[in-house]
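Just so it is clear, none of the values below were taken in a lab; they were calculated from the coordinates. Keep in mind that what you see is a predicted model, and the values were worked out from it rather than measured. Ideal geometry is used to build each Cβ from the backbone, glycine not excepted, and the neighbour counts take in all protein chains shown.
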Amino acid sequence: SQTIHQWPATLVQPVGSPLSLECTVEGTSNPNLYWYRQAAGRGLQLLFYSVGIGQISSEVPQNLSASRPQDRQFILSSKKLLLSDSGFYLCAWTPGPTRDQYFGAGTRLSVL
Amino acid sequence: DQQVKQNSPSLSVQEGRISILNCDYTNSMFDYFLWYKKYPAEGPTFLISISSIKDKNEDGRFTVFLNKSAKHLSLHIVPSQPGDSAVYFCAASAGDYKLSFGAGTTVTVRA
């Protein structure tokens with residue numbers, strides 16, 4: 001069966017520190033991968049998506065970047081975190097041609 | 001620009017009764033719609049979807065209705081159960097793999 005793993009579950013980081021969140025999908029190949037952020041009381045905002053290794057599309061210009069070094073691995077990074085980067089970060093995937101996205105458990109990031 | 005709107009931030013319903021969640025959209029290019037359920041500190045769980053070629057899709061206790069002329073969709077949960085207490089998001093896609101989400105509706109099912 002297909003599963004998605006996202007870690008860590010919770011992260012507290014000081015302003016100006018780097019960030020690396022990792023997401024991996026098991027049981028499938030060549031998935032579409034997505035990073036979302038949910039700010040408090042808001043809906044989900046698409047940050048990045050990838051349709052293949054090395055292919056990254058950015059939806060919102062900001063302090064974050066994404067990379068896809070392997071087929072089933074998606075990484076969200078920042079060189080220097082801002083207070084405004086705090087939020088709930090979610091990784092999602094679709095098994096190819098379907099548009100039904102499936103989400104990981106999320107990472108609660110607090111930047112202090 | 002909020003293209004998908006859930007105008008009711010919260011809904012309270014008695015156990016066993018029907019829950020009706022509403023969602024409006026502005027982008028006429030949206031052709032695929034989804035509903036997700038989310039518990040606190042967890043990722044959203046896919047519930048049900050509908051293509052614009054249909055006006056109704058049913059899966060167990062969940063039914064989604066689509067009114068394209070009104071740019072409106074709704075999710076009916078019958079009967080409502082305590083485990084249905086969660087935040088519900090509607091989402092829409094305009095022919096590609098990107099989803100636009102509403103802000104969510106918090107459902108509370110009262111015993």
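Listed values, structure above:
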| item | result |
| --- | --- |
| Rh by Kirkwood over Cα pairs, then Stokes-Einstein D for segment A:1-62 at 0.890 mPa s and 25 °C, µm²/s | 179 µm²/s |
| Per-residue mean of C-beta atoms belonging to partner chains within 10 Å, peptide B:85-97 | 2 |
| Size of charge dipole - the protein assembly as shown - debye, nearest 20, with Cβ of Lys, Arg +1 and Asp, Glu -1, no other charges | 300 debye |
| Rotationally averaged projected area of segment A:31-112 (alpha carbon convex hull; nm²) | 5.5 nm² |
| Sites A:Ser65 and B:Lys5, calculated FRET efficiency, Cβ-Cβ separation with R0 22 Å, nearest 0.05 | 0.15 |
| Fewest-first ranking of A:Ser1, B:Ser28, using other Cβ atoms within 10 Å as the exposure measure | A:Ser1, B:Ser28 |
| Set of lysines with alpha-carbon distance to B:Lys71 below 19 Å, sequence-local pairs under 8 removed | B:Lys5, B:Lys54, B:Lys56, B:Lys98 |
| Sequence of B:Asp84, B:Asp59 once ranked by neighbouring C-beta atoms within 10 Å, starting from the fewest | B:Asp59, B:Asp84 |
| Positive minus negative residues near A:Arg37 (Lys, Arg vs Asp, Glu; Cβ under 15 Å) | +2 |
| Pairwise label distance in nanometres, B:Gln14 with B:Thr108, each label 7 Å out on the Cα-Cβ vector | 1.7 nm |
| Total formal charge among the other residues, if their Cβ is under 15 angstrom from that of A:Val111, Lys/Arg +1 and Asp/Glu -1 | +3 |
| Paired Rg and Dmax values of chain B, which use every Cα atom, in angstrom | 13.2, 41 |
| Amide H within-cut-off set for B:Ala94, under 5 Å, with H built and near neighbours excluded | B:Asp31 |
| Fewest-first ranking of A:Leu76, A:Leu112, B:Leu11, using other Cβ atoms within 10 Å as the exposure measure | A:Leu112, B:Leu11, A:Leu76 |
